[in-house]
Amino acid sequence: ADQLESQERSGRSYQKDYLDATRPFRGKWLKNELRKRDFAASQVVLKHLFTTGDNPGELHFYQGELYRMRAHEGDMKKAIASYQKALTFEQFPPAALRSLGLLFWKSRKFEDAKDSFNDYLVVDPHAPDAEMIKSYLEELQ
């Protein structure tokens, strides 16, 4: 307690330390958060995380996942836009390309789906689902 009190008085912000320590686990935590299917609560979590500015590519991916899973009217377009936004950042989960490909396929944008799947395999050639994605590409030929 004394250490925390002295740190507080020093004026040092520990947000960066906190973000650095939690970043390796955040994707798994967000995935688990979305699995609860309480999308309003998950949106609050994402909104808070967006304010940190930390790894926005990852956050836009999970925003897209929220829209995709919630599946309200208009959410497919919002999910696609979120995945595309994720790809504009230097760091993004490769799964954003896979998810984008799946939504393009579902919306019958076959060339865009193929491009996304191919990009996914380039970015993550050893993805655990690589063979499945290759089968999707064969089906899209």
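The values are calculated or read from the model by the stated rules, or taken from the named source; none is laboratory data. Treat the numbers as computed from the prediction; the structure is a model and nothing was measured. Glycine also receives a Cβ, built like all others from the backbone with ideal geometry; neighbour counts cover every protein chain displayed. Side chains included, ligands, DNA and RNA excluded: accessible areas come from the protein's heavy atoms. Shrake-Rupley method; radii C 1.70, N 1.55, O 1.52, S 1.80 Å.
Taken over segment 80-106, the residue count meeting the criterion of being in a helix (DSSP H, G or I), open to solvent by less than 50 Å² (accessible area, probe 1.4 Å), in contact with a helix residue (DSSP H, G or I) (Cβ under 6 Å, 6 or more places away or on another chain) and within 20 Å of N118 (Cβ to Cβ) is 10. Scanning segment 122-135 for residues that are of a type outside the set (G, A, S) and farther than 9 Å from R98 by Cβ gives V122, V123, P125, H126, P128, E131, M132, K134. With respect to being in contact with a helix residue (DSSP H, G or I) (Cβ under 7 Å, 6 or more places away or on another chain) and of a type in the set (D, E, K, R), D119 fits the description. Of all residues in segment 37-79, those being open to solvent by 50 Å² or more (accessible area, probe 1.4 Å) and of a type in the set (S, T, Y) number 1. Consider segment 13-28 and keep the residues that are open to solvent by 70 Å² or more (accessible area, probe 1.4 Å) and out of contact with any helix residue (DSSP H, G or I) (no Cβ under 8 Å at 6 or more places or on another chain). The one that is nearest to H72 (Cα to Cα) is K28.
Could you tell me whether segment 22-36 includes any residue that is outside any helix (DSSP H, G or I) and either closer than 22 Å to L137 by Cα or touching a residue at least 12 places away in the same chain (Cβ under 8 Å) (or both)? Among the residues of segment 22-36, not one is outside any helix (DSSP H, G or I) and either closer than 22 Å to L137 by Cα or touching a residue at least 12 places away in the same chain (Cβ under 8 Å) (or both), which makes the answer no.
Looking across segment 107-141 at every residue that is touching a Pro at 6+ places or on another chain (Cβ under 7 Å) and part of a helix (DSSP H, G or I), the one that is surrounded by the most Cβ atoms within 10 Å (Cβ to Cβ) is identified as Y120.
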